[in-house]
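No value in this document is a laboratory result; all are computed from the given coordinates. What you see is a predicted model; the values in this text were computed from it and never measured. Don't worry about glycine lacking a Cβ; one is built from the backbone with ideal geometry, like all the others, and counts go over all protein chains shown.
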2 protein chains.
Amino acid sequence: MKWWGWGRDDVAFTHEDKPALGPFLGRHLGIDVAAHRARPVAFDALRIPDPSVTSRLWLALEQAVTDRFVSTDALDRVVHARGKSLRDLVHHRRGELGRLPDVVVRPGDEDELATLVHAALELDAVLIPFGGGTNISGSLEAPVHERRTVVSVDLARMDRVLEIDEASRLARVQAGASGPRLEEQLGVRGWTAGHFPDSFTHSTLGGWIATRSSGMQSDKYGDIAALTRGLRVVTPVGTMVVRPVPSTSTGPSVREMVLGSEGRLGIISEAVIHVHRVPPARATIGYLFGSWAEALAAMNELAASEIAPALTRVSDPPETAFSFATRKAPTVVDRVKDAALSQYLGRRRGLALDDACLAFVGYEGSERHVAAQKKAVARLFARHRALVLGRGPGVLYDQKKFDTPYIRDYLLDRGALADVSETAAPWSRLPTLYERVTHSAREAFAALGVPGYVMCHLSHSYHAGACLYFTFALRPAPERDELEQYDAVKSAIQQEFVDAGATLSHHHAVGTEHAQWLEQDISAPGVAMLHALLDGFDPGANLNPGKIVGAGQPDRERPASV
Amino acid sequence: MKWWGWGRDDVAFTHEDKPALGPFLGRHLGIDVAAHRARPVAFDALRIPDPSVTSRLWLALEQAVTDRFVSTDALDRVVHARGKSLRDLVHHRRGELGRLPDVVVRPGDEDELATLVHAALELDAVLIPFGGGTNISGSLEAPVHERRTVVSVDLARMDRVLEIDEASRLARVQAGASGPRLEEQLGVRGWTAGHFPDSFTHSTLGGWIATRSSGMQSDKYGDIAALTRGLRVVTPVGTMVVRPVPSTSTGPSVREMVLGSEGRLGIISEAVIHVHRVPPARATIGYLFGSWAEALAAMNELAASEIAPALTRVSDPPETAFSFATRKAPTVVDRVKDAALSQYLGRRRGLALDDACLAFVGYEGSERHVAAQKKAVARLFARHRALVLGRGPGVLYDQKKFDTPYIRDYLLDRGALADVSETAAPWSRLPTLYERVTHSAREAFAALGVPGYVMCHLSHSYHAGACLYFTFALRPAPERDELEQYDAVKSAIQQEFVDAGATLSHHHAVGTEHAQWLEQDISAPGVAMLHALLDGFDPGANLNPGKIVGAGQPDRERPASV
C-alpha cells in the first residue's frame, strides 16, 4: 500500500486511454489533466518523531509475537497512522502525519494476539487494530494529543480460512484475510463469501466487521452484519466467543455490538461467515433509463417484487455522463452504436442523453434462474421506459469496479479533491434527499466560488429503502486551505443526510469523520447507550479511543503512563 | 386473559372432538383425560398484599395518565405479576403470587408514557413494561425481594397503526398493538406485517421487539429484528429515536440493543416496521418424510436452493404421532385414505408410519410464484422420498396454529406438565443436537421415574442453520415438588443446547428462566458487554431489574426509598 495514497505502487489511474475524460474534467473542474500541480512530499523529507515505547512494553510485545513482528520502522509507522480518507491523503501528502503509532505489531494467531493485547493493556498502552488500512472515516488514527504508547495491531498475518462447514455453508476465517486472500482460499473449494466492497483488493474481513461494510453484491449475500454469524474477539476481559448460530433471542445482540465497533470493544480475531457455492451463471446487464425519477421508481418496484437480483445500481445523469467519459477509446462500431442509440432515444422514446441514467442489475444462480430473473426485470423496467443495453456495459463495470479509489490520487496530483458520502433512507424520502443533497453541494461550490461536480448512484436496494451514494469533486481555490473548502462541501452533504431523515453512513462507519452527526442520527439517548457500552467495557479508554463517540474523549486529558 | 392460564376465559382446549387423543395421553403420560386432578385456587382465596405506593408517586401517575388508568385492583395486579411460562402457571394456580406489582398504569400515548416513566424514576420506583403478558421466560416478574414500588406499565391502550408509508412499505405502529389489532388495521388497507408467533392473539409489537420474537412466516418476512426499522423508546435520559433507515453503519447498532432488551433500557413506545401487500395467493402444503434424517437433509437443501418459501416446518416422528392424535374425528373417507396411505408407505416406499415426519411448507405471492415454488419443492422433496399430502393438512395446521398454548392448562388440570424449549444451530449440528436433547429428556424422565414425552420440529430455516423446537410433557410424581421435576427435564434440555453449540433460545428471550445459561451461550466477555450496557445506562436498576443478566441483581439489596 502506498504511504501517501491508494493501493499498489505499480497501479495508477490514467486518462490516457480515455479520450473523453480530459475534456470532461477540464469542463467541470477546470483542470488540465496533462499538468501535475501537486505531489506528495518525499518520504525522506517527512519529520518522524521517535517512537515512545518503554522497554517493558517492548519486551512484552516481543515475547508475544517475536522480535521479527514488532516494528518501529518509519515507513511502517507512517502507513499505519491513518486510513485512506480524502483528509488522510491530503495530510499525508503534505507531510502532516498526525499522531503516529509508536510501534506496529503483527500477531500470527489468536494466542499471540491475546498475549499482546493483555500485555499492552497491563501497561496502559493504546491499541488500534489495522486490517487493510482502507478506512475512510478516520477510524485508524490515534488522538492527536495521545500521550500513552500507541500500538498498531496489524492483522495481515492472520489471513487463513481455518475451516469450511460445508453442510452449514459456514467458513471460519481469521480476521486479517483480505478480500482476495479470502476468495482465493474459498474459491479453490468451490465457495464464495460474496462480499465485494470497493476496497475489496485491500480491506479485510475484520475491518469489514468492525465498520459494518457492504459489498456490491450485498443485495443477494447480505451486508457483513447479515453474513457474519460467529465471532471471536480478544477483549480486556478475555476472548469473547459468539456462536455461529443462525439466529438467537439472547438479549441485546453482542454480535451486533461488535459489528461497527471499530476496535473499541476489542480486536476481532476470527469470524464464522456465510459462504455460498460459486454460482454456475453470472451476468451483469446494463439498462438506460430516461430520467432519475423513472429509475428510482423502477428500482423501488424491483425491490418489492418477487425477483431478487444480486446487484442493483443506477447512476444519476451526472454520474452517467462521467461513466461515458471514462470509456476507453471507442471503436468505429461503438461510434455507430452511440449515434444510433442517441437517435433511438431522441426519436423513439423522447429522451435526451443528458437525462439518461445508466443502471446495472446483477444476476447469479443457475442458468435457468438467471434467465428467468433477467426476463422479469426487462419486463418490469420496460414499464419505466428503460432500454436494455445488454452485457457490454456490465462487463466493463465488472472490470473497472475496483479501480475507483485510485482516481482520488490522480485528481489530487492535479489539484482537485474528490470524495464520497453515502447514506440510506426509506424509498419515499429518496427523491427529496437526492434533490437536497445535490442542491446543497452545488450551493457549497458556488459559495466557495470554485468549480465542482456532484454525482450519485442508488445501490443496495432493500424492502423499505436504498442507499444513495454521492461522489463529489472540487478544485479548491488556492488562497484558502483546501481541507477547509472540502469540509464545507462534505459537511453540507452530511448535514442534508441527517436533516432529511437519512443515516450518516450506509457502509462507511462513524470513525471520527462522521462523529459530529452521530447524535442527530441516533438521538442523544442512543449516544448515551453507546457511551454506557463503550466506556463501561473499556473504562481506561485503551481500545482505539475517540472513535464513534468522539466528543469528550477521556484519553486526551490523561497523563502518559507507559 | 385468564389470571391463572392462557388466553380467553371462553376458550379451552378439549379432547372431546379428538378421539385418538385420550388414548394417546393415557399411553404416554399415564393420565386419564376424563378426570380432573387439579384446579387453580379460587381467586378469592388468594392472599394479596396491600400495594405500596406513596401518595407522591400516586399523584404523579394520576397526573400522567388520569386516575382512570392507575389501578391497584387485585385482579389487575395478579394478571400483571407474571407471564405465561409453565412455572408462572404452576405458581399462580397454587396461589403463590410472587412479588406483585403495586400498581398498574395504562398510558394512552407516548407523552403520557414519558411523563409517567420520568415521574416514577424521579421517585426511584421500578418499571416493568407489559404488552400481552404472554412471555414464557420470566421477563415480567419483579424480583421477589424488591422493596421499591413496582409499577407495571400496560401498553394495551397504545395499539394504533399511526401511519403507513406506502412507497417505503413501512408502518409506524404503537408498541401496545396486539397481533390481531395490528393485522386488522393493516389489513383494511391491504397490508400485512407477516409476523405470526404462536402467541399472536395476545402478544404485542413492543413485546415482540423486547424479546426478539420470530413468527411462523419469518422465513419470508424475517424475524422481528429484521422487520423492525425505526424505534421510539422512552428511556431515563429522554426518548431514543432510531430512524427507519433500511441499513446503517452507525457504530454498534442501538436498534439491536433495544431488540431483546426486555425493558431494561426503557419502554418501547412505537416502531416503524416492514409491511407487505397481502399476497394474492397463499398455500400451506403438507408432506410426509420417511425419516427424520431425510427430512433434515431435505430442509437443508431447500434452504440452500433458489426457492424461498414463506414457512418451513417438519415434525419428528413423536410430534407427527401427536399431530395425528389431535385430529378431529375422521370421516369414512379419511379412514380409507389413511389405510391407503399406510399401505402405500409400507409397500411402495418401504416406510413405516411410526418413522414418518409430517412437514409443512408455506407459499405466498402471485399465483404464478406460488405454483412455481410448489413445483420446485415437490421436485426437491421427491429426491428425499417425500410424499406430497396436499393442502388438507396445511388447512388444519392453519386453523389450529394459535390453539397450542391452551394445551398446557388442559394438561395442568390433569396433573401433567408441558412446556417448550427451542434453540437454533448450524445445519451440521442439528442431527447430533436432536439426538442429545431427546436422549437427555428421556433420561431425565427415567431418572425421575415418571412418564414423559418429548417431541420436536424444525422450523425457521436459514442459510446456515435452523431452529429446533422441542415440546416436552411429564406426569410428575406426587411425592416431590412438581416444579423440581419439571426443572430437571427443562434444565437437561437447555444444558444440551449450550453443550452442543446451540443457543439458549431462538425466539423466547433470556428473561430469568434462561439467564443461568447466558454465560455459556455468549461467553463471559459477552455477559460483561451486556453488564456494561445495562448497568451503565440504568445505574439505579429501575428498569425491569434482574432480567437477562440476572446474577447479582443490584436492586435486591437496596432499601425501599419510595
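Using the 7 Å Cα-to-Cβ label point, sort the distances from B:Gly187 to its equivalents in the other copies shortest first and give them in nm to one decimal.
Copy-to-copy label distances for B:Gly187: 5.2 nm.
Under 5 Å between amide H atoms, partner at least 5 residues away or on a different chain: which partners does B:Ala466 have, H built in plane at 1.01 Å?
B:Ala425, B:Trp427
Neighbouring Cβ atoms within 10 Å as the yardstick, rank B:Phe130, B:Phe13 fewest first.
In order of increasing Cβ crowding within 10 Å: B:Phe13, B:Phe130.
What list do you get for A:Lys374, B:Lys490, B:Lys401 if you sort them by fewest beta carbons within 10 Å?
Ranked by crowding around the Cβ, least crowded first: B:Lys401, A:Lys374, B:Lys490.
Short version: ³J(HN,Hα) in whole Hz for each residue of region A:531-548, in order, from phi by Karplus 6.51 cos²θ - 1.76 cosθ + 1.60 (θ = phi - 60°), x for Gly and Pro, what are they?
4, 4, 5, 6, 6, x, 7, 9, x, x, 6, 8, 9, 5, x, x, 8, 6
Treating only the Cβ of Lys, Arg, Asp and Glu as charged (+1, +1, -1, -1), what charge dipole size does region A:1-108 show about its Cα centre? Round to the nearest 20 debye.
For this selection, approximately 400 debye.
What length, rounded to one decimal in nm, is gained on full extension from A:Ser366 through to A:Ala339, with 0.36 nm per residue of separation minus their alpha-carbon distance?
6.1 nm
Check cross-link reach from A:Lys547 to the lysines: straight Cα distance under 18 Å, and skip same-chain residues fewer than eight apart.
Straight-distance partners of A:Lys547: A:Lys84.
Under the rule a/c < 1.5 gives rounded, and otherwise a/b versus b/c splits prolate from oblate, where does region A:89-186 land using the Cα gyration tensor?
Judged from the Cα gyration tensor, region A:89-186 comes out oblate (a/c at least 1.5, b/c at or above a/b).
Given axes a ≥ b ≥ c from the Cα gyration tensor, I'd like to know whether region A:189-260 is rounded (a/c under 1.5), prolate (a/b larger than b/c) or oblate.
Prolate shape, in that a/c is at least 1.5 and a/b is the bigger ratio.
Using DSSP to call loops (not H, G, I, E or B), can you name the GluC sites (Glu not before Pro) in region B:442-519 whose Cβ has at most 15 other Cβ atoms within 10 angstrom?
Here the GluC sites (Glu not before Pro) that fit, given the DSSP loop and packing criteria, are B:Glu479.
Between A:Arg383 and A:Met1, what is the FRET efficiency for a Förster distance of 51 Å, r being their Cβ-Cβ separation, to the nearest 0.05?
It comes out at approximately 0.65.
Once phi is turned into ³J(HN,Hα) by the Karplus curve 6.51 cos²θ - 1.76 cosθ + 1.60 with θ = phi - 60°, what whole-Hz value does each residue of region A:300-311 show in order, with x for glycine and proline?
4, 5, 4, 5, 8, 7, 7, 7, 9, x, 8, 8
Could you work out the relative contact order of chain B? I mean the mean sequence separation of Cα pairs under 8 Å and 6+ apart, divided by the number of residues, in percent.
17
Please compute the modelled spin-label separation between A:Lys18 and A:Ala226, points set 7 Å along Cα→Cβ, answer in nm with one decimal.
3.0
Determine, from the Cβ-Cβ distance of A:Lys375 and B:Ser305 and an R0 of 22 Å, the FRET efficiency 1/(1 + (r/R0)^6), rounded to the nearest 0.05.
E between A:Lys375 and B:Ser305, to the nearest 0.05, is 0.65.
Separation between the A:Lys328 and B:Arg282 pseudo-spin-labels, each 7 Å from Cα along Cα→Cβ, expressed in nm?
5.4
Please turn the phi angles of region B:248-264 into ³J(HN,Hα) values with the Karplus equation 6.51 cos²θ - 1.76 cosθ + 1.60 (θ = phi - 60°), one per residue in order, whole Hz, x for glycine and proline.
Coupling constants for region B:248-264: 7, 10, 6, x, x, 6, 5, 4, 6, 6, 6, 4, x, 7, 6, x, 7 Hz.
Quick one: dipole size for chain A, taken about the Cα centre, charges +1 on Lys/Arg Cβ and -1 on Asp/Glu Cβ, in debye to the nearest 20.
Roughly 1800 debye for chain A.
Could you let me know the centre-to-centre spacing of region B:515-549 and region B:370-411, using Cα atoms, in angstrom?
Between the Cα centres of region B:515-549 and region B:370-411 lies a distance of 39 Å.
Can you list residues whose amide H is under 5 Å from A:Leu162's amide H, if they're 5+ apart or on another chain and H is modeled 1.01 Å from N?
A:Arg172, A:Val173, A:Gln174
Would you grab the residues whose amide H sits under 5 Å from the one on A:Gly260? Only those 5+ places off in sequence or on another chain, please, with H modelled 1.01 Å from N.
Placed amide hydrogens put A:Ala210, A:Thr211, A:Arg212 under 5 Å from A:Gly260.
What is the order of B:Glu183, A:Glu262, B:Glu62, B:Glu367, fewest Cβ neighbours within 10 Å to most?
Listed from fewest to most nearby Cβ atoms, that is B:Glu367, B:Glu62, B:Glu183, A:Glu262.
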